[in-house]
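Some notes on the structure that comes next.
The values are calculated or read from the model by the stated rules, or taken from the named source; none is laboratory data. Quick caveat, the model's predicted, so the values are computed rather than measured. So basically every Cβ, Gly included, is an ideal-geometry build from the backbone, and we count neighbours across all protein chains shown. To get the accessible areas, we keep the full protein, side chains included, count just its heavy atoms, and leave off ligands, DNA and RNA. Shrake-Rupley method; radii C 1.70, N 1.55, O 1.52, S 1.80 Å.
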Amino acid sequence: MTTDGEFEIFLATSPGFEPVLCKEAEAHGFKQPKVITGGVTVKGGWTEVWRANLELRGAGRVLARIGEFRAMHLAQLDKRARRIAWSEVLRPDVAFRVQATCKGSRIYHSGAAAQRIEKAIREELGAPPSADAEVIIKARIDDDLCTIAVDTSGESLHKRGHKEAVNKAPMRETLASLFLRQCGYVGTEPVVDPMCGSGTFIIEAAEIAAGLKPGRSRHFAFEQLATFDEAAWKKLKATTDRPKTGLRFFGSDLDAGAIRMSRANAERAGVSEMTEFVELAVTELMAPSGPPGLVIVNPPYGDRIGDRDNLQPLYRSLGQTLRSRFGGWRVGLITSEASLAKATGLQFLPPGGPVSHGGLRVTLFRTEPLK
């Protein structure tokens, strides 16, 4: 079994977001994007693996699938795992670890499966196993079919390397980018977030408009692999997507601490000149001068029933402000409760399915341009 040429690359995302990530992969020119449970598969070689980690905003991690075989018992798993060309992928001087999952298979003990694969790699390649290694081999045994993949990302891809400060229940950058894409945002219009928290939506929107690659500032696990070519990687990072933009992006929040966080995060991301963060109540919000764009907001949801009742006035005043001052702007509102969205009095399009955010099921409610 060899890893030359093209193989399957799995782009993981939050359940419910698979079709949105598929469209993003398509827009970035990845081959044969296909929606599957929990993510999207594309075809490509190692350059595409690097590019997916560097460029895709909605992927949570990128797995390179380097082998697939049937295994009915542990001895067979051991034997077939040894046929994978480990020396073409892993370095003998870099530690690794193996994670396994078993579902509907005769091999049902994931710990034993991981041990067998680890032993096969150690004996065939000489690389040292380690419980805290950055390089992770993932084995999935599903209906006796074993798929072997390398996690090429390392830390989850929502960790862009810019955000140090976060407030309560932060929106992950990967999710924020997918919600922006669902709202039709492609980086050619201004964006306002009236409850900006630590600034995630505004910073993501500004980065998209400026053509900044999401993975530009961080390290990836694939840099530890035998397939890594530093010169080619540097060249890939140096390419730019689009020219500088004159667009501006506006975040506001009632919490002074949130505004300080947002400004610091925008500075680290290199978008402080394009962004503006001010301490402001929703009722004081005004549309910025210039062409209309997108208002995107992730208000508090209230996890308990009583909280939801208390939040009705906040959603009502948000709706009143947007209806009276944001003519021509589209709105994207994320909440776990349809009744709270309804309290805004805005005319929403039929919503898509819910997605998972911080253990809650949330839905994006979108409007046409407000009249």
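Quick look at the values:
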read-out: Residue under evaluation R308, criteria (1) more than 26 Å from the chain's Cα centre (by Cα); (2) within 25 Å of G184 (Cβ to Cβ); (3) crowded, with 18+ Cβ neighbours inside 10 Å, criterion not met; value: (2)
read-out: Residue in segment 51-63 that is in contact (Cβ under 8 Å) with a residue 40 or more places away in the chain, polar (S, T, N, Q) and within 18 Å of T227 (Cα to Cα) present; value: yes
read-out: Qualifying residue in segment 218-232 (condition: within 21 Å of the chain's Cα centre (by Cα), surrounded by fewer than 16 Cβ atoms within 10 Å (Cβ to Cβ) and part of a loop (DSSP other than H, G, I, E, B)); value: yes
read-out: Residue match in segment 78-92 (condition: under 18 Å from F10 (Cβ atoms) and among the charged types (D, E, K, R)); value: no
read-out: Selection count where residues are of a type in the set (S, T, Y) and open to solvent by less than 50 Å² (accessible area, probe 1.4 Å), scope segment 1-49; value: 4
read-out: One residue from A71, A59, A81 being open to solvent by less than 10 Å² (accessible area, probe 1.4 Å), within 17 Å of the chain's Cα centre (by Cα) and either modelled with pLDDT of 95 or more or not small (G, A, S) (or both); value: A59
read-out: Wholly enclosed strands (runs of 3 or more DSSP E) of segment 26-89 bearing at least 3 residues of a type in the set (A, V, I, L, M, F, W, C); value: 61-70
read-out: Pair list, Cβ < 6 Å and 6+ apart or interchain, from segment 104-130 residues that are within 17 Å of R80 (Cα to Cα) to residues that are polar (S, T, N, Q) and surrounded by 13 or more Cβ atoms within 10 Å (Cβ to Cβ); value: S110/T101; L125/S87
read-out: Selected residue [out of contact with any Asp or Glu (no Cβ under 6 Å at 6 or more places or on another chain) and modelled with pLDDT under 95] from R330, R361; value: R361
read-out: Count - residues of segment 133-190 that are farther than 18 Å from N53 by Cα, over 15 Å from the mean Cα position of the chain (by Cα) and part of a loop (DSSP other than H, G, I, E, B); value: 17
read-out: Qualifying position, being open to solvent by less than 20 Å² (accessible area, probe 1.4 Å) and at pLDDT below 95, among G246, G215, G161, G211; value: G211
read-out: Pair list, Cβ < 8 Å and 6+ apart or interchain, from segment 341-354 residues that are within 17 Å of L314 (Cα to Cα) to residues that are small (G, A, S) and open to solvent by less than 50 Å² (accessible area, probe 1.4 Å); value: A343/G319; T344/G319; G345/G319; L346/G319
read-out: Total residues in segment 321-371, condition in a loop (DSSP other than H, G, I, E, B) and not acidic (D, E); value: 22
read-out: Residue in segment 311-347 that is nearest to T37 (Cα to Cα), counting only those that are open to solvent by 50 Å² or more (accessible area, probe 1.4 Å) and touching a helix residue (DSSP H, G or I) at 6+ places or on another chain (Cβ under 9 Å); value: S339
